[in-house]
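Following: one structure in structure tokens, then a few remarks.
The values are calculated or read from the model by the stated rules, or taken from the named source; none is laboratory data. If you're wondering where the values come from, they're calculated on a predicted model, not measured in any experiment. Cβ placement follows ideal geometry from the backbone for every residue including glycine, while neighbour counts extend to all protein chains displayed.
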Amino acid sequence: MKVFGIDIIKGSVRSKTRRPVYALCRMEDGEVLGVDEVTGFRLRRLLAGERPDILAVDSIQEIATDQRELFEFLQSLPPATRLVQVTGGERTESLGKVAARYNIAFNRFDPHAEARAIARVASLGAGVEVIAFENVTDIVVSRHRSPGRGGWSQNRYARRIHGSVMQKAREIEVQLKSAGLQYEKKETKAFGGLSRAAFRVRAPRDMVPVHAVRSADVQVRVIGKQLDRIRFEPLSGRPRYLIVGLDPGTTTGIAAVDLDGNLVHLSSSRQMTMSDIIDELYQAGRPLIIASDVQQMPYSVEKIRRAFNAVPYTPKQSLPVETKYEITAPYSYTNDHERDALSAALDAYRSYRNKFQNIAKRVQPGFDLDEVRARVIRGQPLDQVLADLQGAPAAPPKAAPETAPERKAEDERVIALDGMVKRLRGYVRELQEEIREREREIGRLRRALDRARSATERKLRRDAELATKDAIIENLRHQLRGERRHSRRLKKRLDRMKRIAELEVSEDYTPIKVLESFTRDAVRSLSEQVGIAEGDVLYLLRIDGWGRAVVKDLAGMGVRALIAGRATPEELDPRLMQAFREAGLALIHDRVVQAEIRGRTGAVRTDALEEALAEWEEEQREYRRAQEAERLEYLFKEYRSEREKEVRRGG
């Protein structure tokens, strides 16, 4: 595995005048190949040329000022190169602490030494990978140059460019199909081929067998789809070892520190179950030691310890309150339960601190100290642990003759183990009895649950039937209200039609129907409410908003005449009169006939109406004669014009 570790020497990415210079450490398969000074441009060239597996930094702010620049930097990296921040993700820690975890010392004032330390801890699995792209890659094939205006050979030139784009798009499509990748394609056709082709591939960049290239006519860009927010994933999936202190009770206190004594987690909650506590500890890390602040470990704490197969720790005597205050003084907590749990965890750490320091002195740099200490705490010899982690068998211990004190110690150990076995057997019997009691309780609760479920199902079925019937009733009520409204409208229409029928019986008066405005909506409304039949006379309340289409509609219905109210003959639009003349529909002024209006209906004296219609017909005949004269005059002018053209052509 090839790792690049960098640390800034001088300059800053935020400065426009002093660009950064980095100390670059190259490491391959655990060996340092060298440390150089490079600029940002030179660093990118080296990354593109050597394609390392990991580029490690102690802070991403040394390579980008904001998220946009970070996206651009990650886009420029080779697809297989991962960016790793060795100091952590959302919650960072110093490089010194990370290096101490692997027993690595360095001069923190020397950028070259820091670059070397960054590369070493990254090769050992420290830090988090910076994830900025989804598992989606966009490939864009486009023209590298514009055809421009050109000259005689412009079409051939554009056809060659577009043909090259289409050929490159087909080659990329074949590569994607050969790799078995799913993709979506979008093409933009142009003269002679394609001007652009875009592929959206359902795979990360390092799995796409296409690279960004540029040629004379075509350019290919390979772009990862950006996440909305930068994500950090641990480079090593192994959780950190923890020393956990628990204070059980109505309110449970939980505290966890790492093997260096740093507080990792502190919380308390009421009525927490064992599964809740286990889940919370799993999220915090991997418990190595479970501690209590009393001499005899509580039963609930013992059950949690066995769930993690952790090493137990209890003080020689229960911790007094004064000692708890003294131990937890540098930390802040919210209640006594958190204080007791924290004091138990810190007391366990103090008990093992000297042993941890001795292990660190004996272990060479390059080993994960947490893993070494965890295995030693669990009872493995240090030489065996180092040999296992290094991948070589450990040297067998030298045989030594047993002495009397050793035999006595061995006998005492056997007696202690026998006592432990007896206690464990008793504990097993208690657990078996508890299991049987729990099974009986589970059976009783299941029967009660079945009864409750049956009652609930019956209630749900009844509620569903009632809801269905209520919906049917509400629908019928809605239909009834609609039918009643329709009935009232029909009744009003019937009354109006009765009044019109009564007027039709009279010989002195002619019934008329009132049209509110000269629009198609008003005509439709009058037809629905009263009806419009052939030979009807309509009374028009307002003339504004008229249109030729309405005149044609009324003429097509066979309406006999329209009486224009609220307007003098001088106020009528000449174009309106023209439309009525062309349609052959009579338009009479109300001042001539003096109509009487009652709501949507009315009446007009028959003799006045007939006289007005006769006058309209006389004017209509005059209009038609004038139209015919104009038509003949136009034809005569056309004929004379054609004759003059023929005479000129003949002359």
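Provide a single number: the residues in the stretch 6-63 that are more than 35 Å from the chain's Cα centre (by Cα) and under 15 Å from residue 84 (Cα atoms).
Of the residues in that region, 5 qualify.
Give the residue, chosen from 13, 32, that is surrounded by 14 or more Cβ atoms within 10 Å (Cβ to Cβ) and in contact with a Pro (Cβ under 9 Å, 6 or more places away or on another chain).
Result: 13 is the single residue among 13, 32 that is surrounded by 14 or more Cβ atoms within 10 Å (Cβ to Cβ) and in contact with a Pro (Cβ under 9 Å, 6 or more places away or on another chain).
Read through the list (1) in contact (Cβ under 8 Å) with a residue 24 or more places away in the chain; (2) over 30 Å from residue 129 (Cα atoms), then give the number of the only condition that residue 250 fails.
(1)
Against the definition (over 14 Å from residue 248 (Cα atoms), at pLDDT below 90 and β-branched (Val, Ile, Thr)), how does residue 264 come out, yes or no?
Against the criterion (over 14 Å from residue 248 (Cα atoms), at pLDDT below 90 and β-branched (Val, Ile, Thr)), residue 264 qualifies.
Does residue 113 count as surrounded by 15 or more Cβ atoms within 10 Å (Cβ to Cβ), touching a helix residue (DSSP H, G or I) at 6+ places or on another chain (Cβ under 6 Å) and more than 30 Å from residue 199 (Cα to Cα)? Let's see the steps before the verdict.
On the way: surrounded by 15 or more Cβ atoms within 10 Å (Cβ to Cβ): yes; touching a helix residue (DSSP H, G or I) at 6+ places or on another chain (Cβ under 6 Å): no; more than 30 Å from residue 199 (Cα to Cα): yes.
No; evaluated as a whole, the condition is false for this residue.
Have a look at 197, 216 and point out the one that is part of a strand (DSSP E or B), over 30 Å from residue 291 (Cβ atoms), among the small types (Gly, Ala, Ser) and in contact with a Lys or Arg (Cβ under 9 Å, 6 or more places away or on another chain).
None of the other options fit; the residue is 197.
Are any residues in the stretch 66-117 aromatic (Phe, Trp, Tyr) and over 18 Å from residue 20 (Cα atoms), and if so, which ones?
Correct list: 71, 102, 106.
Can you tell me which residue within the stretch 222-271, out of those that are in contact with a helix residue (DSSP H, G or I) (Cβ under 6 Å, 6 or more places away or on another chain), of a type in the set (Ser, Thr, Tyr) and surrounded by 17 or more Cβ atoms within 10 Å (Cβ to Cβ), is farthest from residue 203 (Cα to Cα)?
For the stretch 222-271, the residue satisfying everything is 268.
Taking the condition of being in a helix (DSSP H, G or I) and either among the polar types (S, T, N, Q) or free of Cβ contacts under 8 Å to residues at least 60 places away in the same chain (or both), how many residues in the stretch 75-113 meet it?
7
Give me the residue from the stretch 465-490 that is at pLDDT 90 or above and among the hydrophobic types (A, V, I, L, M, F, W, C) and, out of that set, nearest to residue 530 (Cα to Cα).
Here the residue is 480.
Which of (1) closer than 13 Å to residue 223 by Cα; (2) surrounded by 13 or more Cβ atoms within 10 Å (Cβ to Cβ) does residue 211 not meet, given it meets every other one?
With respect to (1) closer than 13 Å to residue 223 by Cα; (2) surrounded by 13 or more Cβ atoms within 10 Å (Cβ to Cβ), residue 211 is out only on (2).
Which ones in the stretch 46-63 are more than 16 Å from residue 2 (Cα to Cα) and either surrounded by fewer than 18 Cβ atoms within 10 Å (Cβ to Cβ) or free of Cβ contacts under 8 Å to residues at least 24 places away in the same chain (or both)?
Correct list: 59, 61, 62.
Can you tell me which residue within the stretch 527-564, out of those that are under 18 Å from residue 588 (Cβ atoms) and either β-branched (Val, Ile, Thr) or under 55 Å from the mean Cα position of the chain (by Cα) (or both), is surrounded by the most Cβ atoms within 10 Å (Cβ to Cβ)?
My answer is 563.
Can you tell me which residues in the stretch 21-69 are assigned to a strand (DSSP E or B) and aliphatic (A, V, I, L, M)?
21, 23, 24, 27, 32, 33, 35, 38, 54, 55, 56, 57
Suppose we keep only residues that are in a helix (DSSP H, G or I) and β-branched (Val, Ile, Thr) within the stretch 344-374. Which one would you say is farthest from residue 385 (Cα to Cα)?
The qualifying residue farthest from residue 385 (Cα to Cα) is 359.
Return yes when residue 605 is more than 28 Å from residue 547 (Cα to Cα) and assigned by TED's automatic domain parsing to the domain that holds residue 559 and no when it is not.
yes
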